[in-house]
Amino acid sequence: MSFAAFPQDDDPIQDEPLEDIITLPPVEVKTERIEKKPKYSFKGPSIRNSVGSGGDPLRALDQLPSVGVLNDFLGILSVRGGDREDNLYYFDRLPLGYPYHLYGIVSTVNAEVIENIEVYPGGYGAEFGSDSQAVIDIYSRNITDTRFGSKFNLNPVYSQAFLEGNIGKRGYWYVFGRRSFMGPLFELLTRLVKVEDDLVTQVPRFWSYQGKYVYQLTKSHRLVVNAIGAGDSSEFRLGPNEVSYSDLRGLMKSENPFDSQGIHLYSEKEKSFKSIVSLTRSFSRRTLQYGEGYSYGNTDSVFSLRGDLQYWLKFPKTLIESGFDLSYLPSSITSIGARPPEEGDWDFDFRLKAQGEKISTFTSKTLHRLEGYLQATQDLVSSRYAALYATVGMRANYFNLIDSFSLQPRGLLGVTLGPEQPNTVGFSLLPVDLRLIYGNYVQNPRLYQVVLGNENPEIATSLARHYVVALEKRLTAETKIEVAGYYKNLSDMITFNLLEKRYQNQKSGYVKGIEVSLEHEIGEAFRGWLAYSYTVSKRQDSPHEKERDFMFGTPHVFAINLNYALESWEFGAKWQYKSGVLYTTLVDREMYTNPFTKKQTWLPIWGVQKRAAPYHRLDLRVHCSFIRLEKAKAGVTFELWNAYNRRNILQVRYSEHFEKEVQIAQLPIIPFIALTLEF
């Protein structure tokens, strides 16, 4: 658990009579140079109008350099060559149990209410907590321009409803609900993609909800109460084309509900301080049943008291930030011969056995985590032609599961060269901003990594060190370019040792890369975005094994996004190119006789890693608002995914007896249509 940062895009509260106070978003103390966070920002309209996402907020993030979804089906983000476990998601200071329904069908949050999304791809400061290397921080709005509003959406995947309104001049509320409706979609997919008749035995289902209440208590204090929840369930039948081991075949059932609630007190005084104190509770459950009686499940609750403070010693030159997080985490594990699959487990052999018998684990533990941080930002030198600034921070963490205490130093040194030229027309070389960033990030072990298999209470934390060089330049009033180079050193990562049948700190690796983004905007009519990244992500599973490419890494990613708005019409296009998926080649096979059952099976002999053909895809979008009245709006959105029907490879599987490789395709050309009604 860690802290959500303060929103950065809001207007300060004005000095006005109390009776005229309206609900306002959190305050940003505006300065010229001191706010230089290593982050990317997405505003609400950019998210909702993103091409190829179906209006899904998190699907829009693959426009960012070095941030990409794994494939057309899984919306899970890989940030700068990292694993999905490295990402931490927040929604209005509430932790998201998981960001996507069914691993990528649609995100668990509603795009309609999102004010902005801040993405910290690495090298961020001490204000965010441990157990992560990238942060996706999502904020919903705190005010609307209507007394009451509603919006309804119906598409082939789900239906949803959104209601919101103001409470006089001092309050705001919204509620949102969504339910899946995927029967017609699955019928269409079975016609377009070759799928086994009995692969899907029950159409996957999901639901989600959000709610928020905001009330301005006084001019300086605001109360926020919010909640979010979601649930997924699915049932498949895995055959020899999906799973090589016979005892893992059959029905696979999964269920994953979560919910979070919080109450937050915002306090602020312009040019002096602002603080947030939050009391939150969250719950998540994960269950998985498959094969011949294998199952894995965990339940986690988190009760947390958190506080963040920003205090200006000397406005706007010296800023002090501090905070704490006191968490109580009752958790339990239930396992019958199974553990969660992990990256590098090529054939998904996540069985736990000893002498041919399943290893069963039933355990509960009460965990505690204590965190705190202190951080200072200072303008060191400031003149007309150059400004030097720095941030130095330290985060402390204690986790009782392994009785570990860690200190995590983080810092930033930046320089802005050249005078500000606000009235310049055309291209200018100055000013340019250059930042050097360092971050030390500790990730604690999970409960299952300590207790599953042969218990390992001596397991330790994992460590990642980030080194980043970032350059930002506004070429013209409408055009901005950002360039970043980074290196991440990864050590003591935790993986399962198949020989000793327990988890150990045996994995290491590194990531290095460069990313470039170019953005051009003309008012609200046109937005163009170009991004390219080159990433080398390597892992070494143990000191005795060879270095290999990270399974979810993508060396080359290039994307172009265009959006144009004209009165009642909106047009968009997105083209993306990236390196093909990584897989291990099949060299040969050998016969294996089980010493307990005497049953003979074929085992694969793996070769070298290889990439499939490059991925590229064109998505098109058209939106028309055909009813635009004072209190009612209606519109239709049409998207064409994979417009030229490129056959992109999802993964390479193997025949039942490992005789040949079988390529599985991603989405073919898909039309998507959605109807929206707004009152």
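The values are calculated or read from the model by the stated rules, or taken from the named source; none is laboratory data. Here the structure is a predicted model, which means the values were calculated and not measured. Note: ideal-geometry Cβ built from the backbone for every residue, glycine included; neighbour counts use all protein chains shown. Remember, those area values only see protein heavy atoms, side chains included, never the ligands or the DNA or RNA. Shrake-Rupley method; radii C 1.70, N 1.55, O 1.52, S 1.80 Å.
Dipole of the chain computed with +1 at Lys/Arg Cβ and -1 at Asp/Glu Cβ about the Cα centre; of Ser360, Ser428, Thr601, farthest Cα towards the positive end is Thr601.
What list of whole percents do you get for P(r) of the chain, with Cα-Cα distances grouped in 10 Å bins up to the one holding the largest distance? Reading upward from the zero bin: 3, 14, 25, 28, 20, 8, 3, 0, 0. Loop-located trypsin sites (Lys or Arg not before Pro) across region 510-573 with a Cβ neighbour count of 15 or fewer within 10 Å are Lys546, with loop assigned by DSSP. If you bin all the Cα-Cα distances of region 417-538 at 5 Å, starting from zero, the percentages per bin are 2, 9, 14, 13, 12, 10, 9, 8, 7, 6, 5, 3, 1, 0. Positive end of the charge dipole of the chain (Lys, Arg +1 and Asp, Glu -1 on Cβ, about the Cα centre): tell me which of Ser254, Phe42, His657 has its Cα farthest that way. Value computed over the given set: His657. The GluC sites (Glu not before Pro) of region 256-323 that DSSP puts in a loop, and whose beta carbon has at most 14 other beta carbons within 10 Å, are Glu292. Calculated accessible area for the chain comes out at 44 Å² per residue, all protein chains present (probe 1.4 Å; ligands, DNA, RNA ignored). Estimated purely from DSSP H runs of n ≥ 4, each contributing -39500 (n - 2.57), the mean residue ellipticity at 222 nm for the chain is -500 deg cm²/dmol once divided by its residues. Among the listed pairs Lys317/Lys538; Lys358/Lys610; Lys271/Lys574; Lys169/Lys633, a Cα-Cα separation exceeding 32 Å is found for Lys317/Lys538; Lys358/Lys610; Lys271/Lys574.
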